[in-house]
1. For region 19-38, which residues satisfy the criterion of being small (Gly, Ala, Ser) and near the ligand (Cβ under 8 Å from one of its atoms)?
2. Look at region 78-97 and say how many of its residues are within 16 Å of the chain's Cα centre (by Cα) and under 19 Å from TRP191 (Cβ atoms).
3. Which condition number does GLY164 fail, the rest of (1) within 21 Å of PHE82 (Cα to Cα); (2) in contact (Cβ under 8 Å) with a residue 40 or more places away in the chain; (3) in contact with a Leu (Cβ under 6 Å, 6 or more places away or on another chain) being met?
4. Can you find a residue that is free of Cβ contacts under 8 Å to residues at least 12 places away in the same chain and away from the ligand (no atom under 11 Å from the Cβ) anywhere in region 202-210?
5. Would you confirm whether any residue within region 164-173 is under 17 Å from ALA22 (Cα atoms) and either within 15 Å of the ligand (Cβ to nearest atom) or crowded, with 16+ Cβ neighbours inside 10 Å (or both)?
6. Here are the criteria: (1) assigned to a loop (DSSP other than H, G, I, E, B); (2) out of contact with any Leu (no Cβ under 7 Å at 6 or more places or on another chain). Tell me which single one PHE170 does not satisfy.
7. Scanning region 46-88 for residues that are free of Cβ contacts under 8 Å to residues at least 60 places away in the same chain and in a loop (DSSP other than H, G, I, E, B), which turns out farthest from GLN180 (Cα to Cα)?
8. Within region 102-157, considering only helices (runs of 4 or more DSSP H) that don't extend past its boundaries, which have at least 1 residues that are touching a Ser or Thr at 6+ places or on another chain (Cβ under 6 Å) and within 16 Å of the ligand (Cβ to nearest atom)?
Amino acid sequence: MSTTEQDRTDGATAAFSEAVKAASWEVHEHAEHSRYMQDLMAGRLDRAAYARLVAQQYFAYRDLEAASQRMADDPIGSRFVFPELYRLPALHADLDALLGRGWRSSIEPTPATAAYCGRLRDVAATDPGAYVAHHYVRYMGDLSGGQVIRRVVERTYDIADHAGTSFYVFDRVDPKAFKQQYRLRLDATPWTEPEKARIIDEVLLAYRLNTDVLAELA
Ligand code: HEM
C-alpha cells in the first residue's frame, strides 16, 4: 500500500482508527485470553489441535477473500482490497504440511465457523462498511498478535521453514508500516457518522464470531 493524497487526513477525521481500537479492545482481550489461545500460547496443545485452527481459518479466509474480490469495483470497499495480504495460498500450503495433501476431504467447518462464514458471505461480501470491519479484525490481528503466535507455534511444534505457519508470514508487506498505512486509510475514508457506528458494531460482531470459533476448538 502506498500513501496517497487521500490517505493524509486532517484532525477532524483522524481518530476513526483509534475509535475502532478503543471500542473493541475489551473484546480483543477476550479473544486473546480465550482458553484455546491461552493453551496454544503456553504450548499445551498438540499439533492436531493447532491443525484444527488452521482448518477453520481456511474456511473463513476463503469467504473473506471472496468478499474482497466482490469489493474490487466498489468505490469504498476497493480501498481495502489488498491482494498482497491474501492468506488463502498460505493456508493451502499449511494444510498440506499439517494434514497431508488429502486435507480437503478431511476437514469441515464447525457450527461456529459456519455462522462466521455465513456473515462473511451474506453481509461482508455485499456491504462495504461491514466488509472493512471483518477485514480489519482478521488482517490487523494477523499483522499484530499473529506475529507472536507464529514464533510460539514454530517453537512448540519444531517447525522449520514455516511449514505449517506460512499463514503468519507476510512476505509482501512490512507489518508495522502496513498497519500504520491501514489506520491512515481508515481515517481518510469519508465514512458518515452512522456508517462509523455500524462499522464498530460489525467489528464487535466479528470478534464475537471469532471468539465463538475459538471456544468451539477449546
Ligand atoms: C494470543 C493471541 C493474541 C495476541 C498475543 C494478540 C496481541 C495483539 C497485540 C500486541 C496487538 C497490538 C498491536 C499494535 O498496537 O500494533 C494486537 C492487535 C490486534 N489484534 Fe490481537 N492478539 C491476539 C489475538 C487476537 C485475535 C484472536 C484477534 C481477532 C480475531 C485479534 C485481533 C487484533 C486486531 C484487529 C488488532 C489491531 C488493533 C488496532 O491496532 O486497531 N487478536 N493483538
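The values are calculated or read from the model by the stated rules, or taken from the named source; none is laboratory data. All figures in this text were calculated on a predicted structure; none of them were measured in a lab. We place every Cβ from the backbone using ideal geometry, glycine too, and count neighbours over all the protein chains shown.
1. SER24, ALA31, SER34
2. Summing the residues that are within 16 Å of the chain's Cα centre (by Cα) and under 19 Å from TRP191 (Cβ atoms) in region 78-97 gives 3.
3. Every listed condition holds for GLY164 apart from (1).
4. no
5. Within region 164-173, none of the residues are under 17 Å from ALA22 (Cα atoms) and either within 15 Å of the ligand (Cβ to nearest atom) or crowded, with 16+ Cβ neighbours inside 10 Å (or both).
6. Condition not satisfied by PHE170: (2).
7. ASP46
8. 145-156
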